[in-house]
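I have placed the structure first, in the form of structure tokens, so that the comments after it can refer back to it.
The values are calculated or read from the model by the stated rules, or taken from the named source; none is laboratory data. Given the structure is predicted, the values throughout are model-derived calculations rather than measurements. Note that we place each Cβ from the backbone using ideal geometry, even for glycine, and neighbour counts take in every protein chain shown.
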Amino acid sequence: MKFSVIIPARYASTRFPGKPLADLGGRPMVVRVCERAAQSGAAAVHVATDDPRIADAVRAHGHSALMTRAGHASGTDRIAEAARQLRLGDDEIVVNLQGDEPLMEPALIAEVVNILCAQQEASVATACHAIHDAESFSNPNVVKVVLDRKGYALYFSRAGIPYPRQGQAKAYRHAGLYAYRVGFLLRISQLEEAPLERIEALEQLRVLWHGYRIAVAVSPREIPPGVDTPRDLEAVRKMLA
């Protein structure tokens, strides 16, 4: 299935300013993400940014960069603006790959697209992997997802879900990788913000709260971590080395 990858990347960051341009083996991190996306089989890869420094770095390495406005509340809103600029049709598929995921498996990007195509009831597709340690299960920075029998998301939470009342429950960590049909992508920002979304600070809960379905690809392998802090960057550098 033909699809495009759009990578939202902004320079300003509370915990890590300039993060997209951080060096990873001689190339900016956002360029590493572009390279991963290009290996997924995507028809096109674009970086959507509000900073000319990021756009210049992306273009210098032969990739496409789109300038978007600075005031977007989320990466989803930013890629929606990029989709409008590209004049993508409502039935076309766009993948939102975060600009701080330089280790994302290209095959998983393609799998999320395949899940969206196969599950016609789904408006969005995303990914997860099993959690095997108690520390991750209890960590509020590790977002958990609970699935129904068909593989659709029932709920996302920063809390440990499902609660293991007896024994040990099978839990999944959600990865911030999304595929949308463009028509629905453009509709998301028009949906009313959900109370649960505000409580958990998880934008995907808006989709569920309004009654739409999210299909989830379960990766058999642990999905590599993204880069939120300088410490995370050092860990990724070691993995690449």
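Checking the condition under 21 Å from A37 (Cβ atoms) and among the acidic types (D, E), which residue from D148, D228 passes?
After applying the criteria, what remains is D228.
Would you mention how many residues in the stretch 13-26 are surrounded by fewer than 15 Cβ atoms within 10 Å (Cβ to Cβ) and of a type in the set (D, E, K, R)?
Qualifying residue count for the region: 2.
Can you tell me which residues in the stretch 73-97 are under 20 Å from C34 (Cβ atoms) and without any contact (Cβ under 8 Å) to a residue 24 or more places away in the chain?
Selection gives Q85 alone.
Which count do you get for residues in the stretch 22-31 that are out of contact with any Asp or Glu (no Cβ under 9 Å at 6 or more places or on another chain) and under 19 Å from I79 (Cα atoms)?
So the count comes out to 1.
Answer yes or no as to whether L108 is touching a residue at least 24 places away in the same chain (Cβ under 8 Å) and either over 19 Å from the mean Cα position of the chain (by Cα) or part of a loop (DSSP other than H, G, I, E, B) (or both).
No.
Taking the stretch 150-172 as the search range and keeping residues that are part of a strand (DSSP E or B) and touching an Asp or Glu at 6+ places or on another chain (Cβ under 8 Å), which one is surrounded by the most Cβ atoms within 10 Å (Cβ to Cβ)?
F156
Filter the stretch 155-178 down to residues that are touching a residue at least 24 places away in the same chain (Cβ under 8 Å) and in contact with a Phe, Trp or Tyr (Cβ under 7 Å, 6 or more places away or on another chain) and give me whichever is farthest from I115 (Cα to Cα).
Here the answer is A171.
Out of everything in the stretch 206-234 that is out of contact with any strand residue (DSSP E or B) (no Cβ under 6 Å at 6 or more places or on another chain) and under 18 Å from L185 (Cβ atoms), what residue ends up being surrounded by the fewest Cβ atoms within 10 Å (Cβ to Cβ)?
G211
What number of residues within the stretch 185-205 satisfy the criterion of being surrounded by fewer than 18 Cβ atoms within 10 Å (Cβ to Cβ) and either touching a Leu at 6+ places or on another chain (Cβ under 6 Å) or closer than 19 Å to N141 by Cα (or both)?
4
Can you name the strands (runs of 3 or more DSSP E) wholly within the stretch 1-79 that have at least 2 residues being under 29 Å from D91 (Cβ atoms) and at pLDDT below 95?
none
Going through the stretch 113-149 one residue at a time, which ones are farther than 22 Å from R221 by Cβ and in a loop (DSSP other than H, G, I, E, B)?
Q120, E121, A122, S123, P140, D148, R149
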